[in-house]
1. Could you tell me which residue out of HIS65, SER134, LEU114 lies farthest along the dipole of the chain toward its positive end? Charges go on the beta carbon: Lys and Arg +1, Asp and Glu -1, centred on the Cα centre.
2. Dipole magnitude of the range 1-140 about its Cα centre, charges +1 at Lys/Arg Cβ and -1 at Asp/Glu Cβ only, in debye to the nearest 20?
3. For n ≥ 4 DSSP H runs only, could you compute -39500 (n - 2.57) per run for the chain, divide by its residues and tell me the 222 nm figure to the nearest 500?
4. Can you tell which of HIS84, HIS76, HIS93 shows the greatest fluctuation in a Gaussian network model of the chain with Cα springs below 10 Å?
5. Enumerate the calculated ³J(HN,Hα) couplings along the range 166-175 in order (Karplus 6.51 cos²θ - 1.76 cosθ + 1.60, θ = phi - 60°), each rounded to whole Hz, writing x wherever the residue is Gly or Pro.
6. Between the range 67-93 and the range 150-183, how far is it from one alpha carbon centroid to the other, in angstrom?
7. Please give the per residue accessible area of the chain, computed with a probe of 1.4 Å over protein heavy atoms only, in Å².
8. What is the sum of charges, Lys and Arg at +1 and Asp and Glu at -1, for the other residues whose Cβ falls under 11 Å from the Cβ of LEU64?
Amino acid sequence: MDSNTALALVKEYVSDETLINHMIATGAIMGGLAERLGQDVERWVVTGILHDIDYQETKDNPELHSIRGGEILTEHGLDEEIVHAVMAHNEIHGIERITLLDKGLFAVDPLSGLITATAYVMPSKKLEEVQLKSLKKKFKDKTFAKGANRDQIKTCEEFGISLDEFLEIALNEMKKIAPQIGL
């Protein structure tokens with residue numbers, strides 16, 4: 001599956017534009033991370049795009065989130081590695097994150113939200129205005145974007161990427177797709 005097909009599949013299950021934009025942003029960051037780690041970029045982008053395919057359906061039942069996503073992806077013929085990464089990104093299930101893909105998705109998911117929130121507090125409300133220095137400051141401010149789990153983001157160190165480099169990769173990748181996600 002390529003990223004365009006993944007996005008079309010997402011739109012069969014998700015109508016919320018904010019959620020779709022989050023999944024596009026997660027895919028973009030995953031692509032940059034894959035490139036840095038020497039992984040299959042398209043595969044990582046697809047995983048990022050698909051990771052919350054069930055969220056609109058399961059948002060009121062967190063114990064079902066990502067398990068249902070895994071079921072949907074299996075029904076659509078996605079391979080086990082992608083399905084496992086999607087299921088493991090919701091830590092409520094205690095599914096072990098084994099592969100780089102698993103670990104990457106887990107770390108990236110909250111970071112896309114932190115970057116989006118940082119853009120929203122800029123005067124222009126645009127990503128082009130967000131600098132790495134601003135993002136680092138917002139990362140340290142635990143009262144800002146409380147839903148962006150800092151400990152989860154810091155798991156980037158488990159796969160050999162420093163927090164500073166991770167933030168930089170993510171910000172650069174989201175800036176590339178800013179018009180697509182309205183930022």
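The values are calculated or read from the model by the stated rules, or taken from the named source; none is laboratory data. Keep in mind that what you see is a predicted model, and the values were worked out from it rather than measured. In this analysis, Cβ positions are derived from the backbone assuming ideal geometry, glycine residues included, and neighbour counts consider all displayed protein chains. Note: accessible area is taken over every heavy atom of the protein model, side chains too, but ligands, DNA and RNA are not part of it. Shrake-Rupley method; radii C 1.70, N 1.55, O 1.52, S 1.80 Å.
1. Farthest towards the positive pole: SER134.
2. Dipole size: approximately 1100 debye.
3. After summing the helix terms and dividing by residue count, I get -18500 deg cm²/dmol.
4. Largest GNM mean-square fluctuation: HIS76.
5. Coupling constants for the range 166-175: 4, 4, 5, 4, 4, 4, 4, 5, 5, 4 Hz.
6. Taking the Cα centre of the range 150-183 as reference, the centre of the range 67-93 is 22 Å away.
7. 47 Å²
8. Here the count lands on -3.
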